[in-house]
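One structure is given here, and the rest of the page talks about it.
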Amino acid sequence: MSKLKEAFLNGKTLAPFITCGDPNLQATAASIREAVKSGAKLIVLGIPFSDPTAEAPLLQEASIRALKGGVNTDKVFAFMKELRETVSVPVVFVTYANVVFSYGVDRFMENCDKSGVNGLMIPDLPYEERGDFLPECKKCGIELVTQLALNSDNRIEMIAKDAGEMICLTAKIAAGSTFDEALTKLKETIERIRKASGAPCLIDFDLDDADQVRKVVGLADGILISSAIVRLQAKYGDEASKYIGECVEALSKA
C-alpha cells in the first residue's frame, strides 16, 4: 500500500495546509511537527508562487510573505528533504502549472521523489491537460491528485473514475447560500464520486468551527484545513506552531 493511502486508514484524516516559508522555513518546520504531534495524518504544503490566482486573498498573502522572505522552489525541496528526517506522515505539494513547467517537469518530479513528497496538487491544471504531467509523476512514484469542485456538475463522474490514490473536493458556500445548503450539495456530490471511484475523498472546505468540521468530515474520508491555519501563521508568525498545534488538536477531536 502506498504512503498516501495509509493516511486514510484507521479513521478520518485531518490534513492542515501550510504555506512553506510563511514567515520562514524554520517556523514552517515547527508548525508541521506540532500539527503531526496533534493528530494530522497528512500534510499539504503550498509552494509559494507570485500569481496564485486559484487561491483566496488570505492564501495569496501567505505566498507573498514567503516570497519576500526569499523562499523559492529549490529551497522548498531542500527543506522537504531535511524535514523527512523527523516527519514521516505523507506530504502533498500544492503549486501551479507554471511553477512546474518553468522548473522542468521531469526535474520537478525527480526532486519530489528524492525529497520524499508523496503527492502533487496543481489547482490550475485542467483535467484534459493532465497528460503534460502524469507520465513523469508515474515514473517518479508521485500521485497527481485528482481535484474536483462542487460546480464540476456533469464532469464529476468522468474525472472521478480516473482518480488514483486520492480525490480532493473543493467546497464553498455560494453567495446567498447557507452552510446547510452547501452541506446538502456536498453530500450529493460525494455520493456521485463514490459511485464512480473507490479513491479516498478529502474535502477542502474553509472551516474552523468544530461542529461544522464534524458534519463535513462525516460525509467523506477527511478534511483539508487551510484558512484557519494560514490565519494563525499570519497572526503569530514565528510563534505560530503552538497555536497551529492547538487548532489541529481541537479539530482532530471533532
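Before moving on, here are some points about what is shown:
- In this entry, region 1-128 is assigned a mean projected area of 8.2 nm², taken as a quarter of its C-alpha convex hull surface.
- Sequence-distant contacts, meaning Cα pairs under 8 Å at least 6 residues apart, place the relative contact order of region 109-236 at 19 percent.
- The label-point distance for Arg192 and Glu85, in a model that sets each label 7 Å from Cα toward Cβ, rounds to 4.8 nm.
- Where only DSSP H runs of four or more residues are counted, the chain gives -14000 deg cm²/dmol as its mean residue ellipticity at 222 nm, each run worth -39500 (n - 2.57).
- The chain - Debye-derived log10 I(q)/I(0), Cα point model, q = 0.11, 0.12, 0.14 Å⁻¹: -0.54, -0.65, -0.92
- If the chain linking Leu134 and Lys161 were pulled fully straight, counting 0.36 nm for each residue of separation and taking away their Cα-Cα distance, it would gain 8.2 nm.
- Going from the residue with the fewest nearby Cβ atoms within 10 Å to the one with the most, Lys12, Lys172 rank Lys172, Lys12.
- Label point distance in nm, Asp211-Glu181, each placed 7 Å from Cα along Cα→Cβ: 2.0 nm
- Rg/Rh (Cα only; Kirkwood hydrodynamic radius) as it applies to region 40-92: 1.01
- Listed from fewest to most Cβ neighbours within 10 Å, the set Asp204, Asp132 follows the order Asp132, Asp204.
- Greater than 21 Å apart at Cα, pairs in Lys3/Lys139; Lys37/Lys253; Lys114/Lys242; Lys3/Lys235; Lys215/Lys253: Lys114/Lys242; Lys3/Lys235
- Sequence-separation-based contact order of the chain, relative, with Cα cut under 8 Å and 6+ spacing, percent: 26 percent
- With 0.36 nm allotted per residue and the present C-alpha distance subtracted, the Leu58-Lys37 stretch has 5.0 nm of extension available.
- In terms of Cα atoms, the Rg and Dmax of region 103-200 work out to 15.3, 46 Å.
- Centroid-to-centroid, using Cα positions, region 181-229 and region 1-70 are 18 Å apart.
- Neighbours of Gly116, meaning other residues whose beta-carbon lies under 12 angstrom from its beta-carbon, give a summed charge of +1 when Lys and Arg score +1 and Asp and Glu score -1.
Rule-based calculations on the coordinates, nothing more; no lab input. These numbers come from a predicted model, not from an experiment. Methodologically, a virtual Cβ is constructed for each residue, glycine included, from the backbone with ideal geometry; neighbour enumeration extends over all protein chains shown.
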